[in-house]
Amino acid sequence: FCYIDFASCIFRNNYSVTNATVLYHGGGYYQQYNRGSQINCLFYNNTSVNAASAIQCINSTYDPLNNANVWAAARINVVNSTFTENTGFNSKVIKVTLGDNIAIFVRNSIVYNNGSTSPFESDGFGGGVGTQNTITTNPLFIDAPNDNFRLSCNSIARDAGNNPYISPYTTDLDGLTRINN
């Protein structure tokens, strides 16, 4: 089992030729089951030449100990997070590869200005990326050119989240209460 959680983190200015900024890789002998989360995180200006720019979950199928094909399982939760100005292979931000029994859930998040109107990808093996209350249109950041990704007063992202997904992280990256009225 592998559990990797990030809360209230900023991932910025990362570069890779082969991997995403956060990579969950499992299966076979190494990891049978992955769980992880990115909660209240900001991903911006990350680049990957041959992978998704922010998060990728890869299922390895080979177990070197018994020469068997083994399918791993993974559940990755992304909540109250922002992804912007990232550059990935084919403009993908979040990707599931060899995705049988793998799921990435993106909730109450903003995925905008990453070079594609389809920032999520699954290779179609039965897993995938699911979204709920995820905004992919202009959220009206206060000053994105100067790395200020706070929301302006008239942003469509304000009051657009689903409250049950906020708990237990009820504050944003500035330490301010997420729910107002």
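Taken together, the values in this text are just the output of simple stated rules run on the coordinates, not laboratory data. Just so it is clear, the structure is predicted and the values come from calculations on it, not from any experiment. Note: ideal-geometry Cβ built from the backbone for every residue, glycine included; neighbour counts use all protein chains shown.
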Net charge over other residues, Cβ less than 11 angstrom from the Cβ of residue 80 (K, R count +1; D, E count -1): +1
Environment charge at residue 49 (Cβ cut-off 14 Å; Lys +1, Arg +1, Asp -1, Glu -1): +2
Peptide ranges 38-49, 110-121, 77-88 listed from the most packed, as the mean C-beta count within 10 angstrom indicates: 77-88, 38-49, 110-121
Protection proxy ranking of 11-18, 51-58, 132-139 - average other beta-carbon atoms within 10 Å, highest first: 51-58, 132-139, 11-18
Amide H partners (placed H, <5 Å) of residue 48, local residues excluded: 16, 87, 88, 89
Distance-filtered residues of the range 144-181 - backbone nitrogen under 18 Å, label point 7 angstrom along residue 5 Cα→Cβ: 164-173
Environment charge of residue 147, counting only residues whose C-beta is closer than 10 Å and scoring Lys/Arg +1, Asp/Glu -1: -1
Size of electric dipole in the range 84-181: Cβ of Lys, Arg +1 and of Asp, Glu -1, about Cα centre, debye, nearest 20: 160
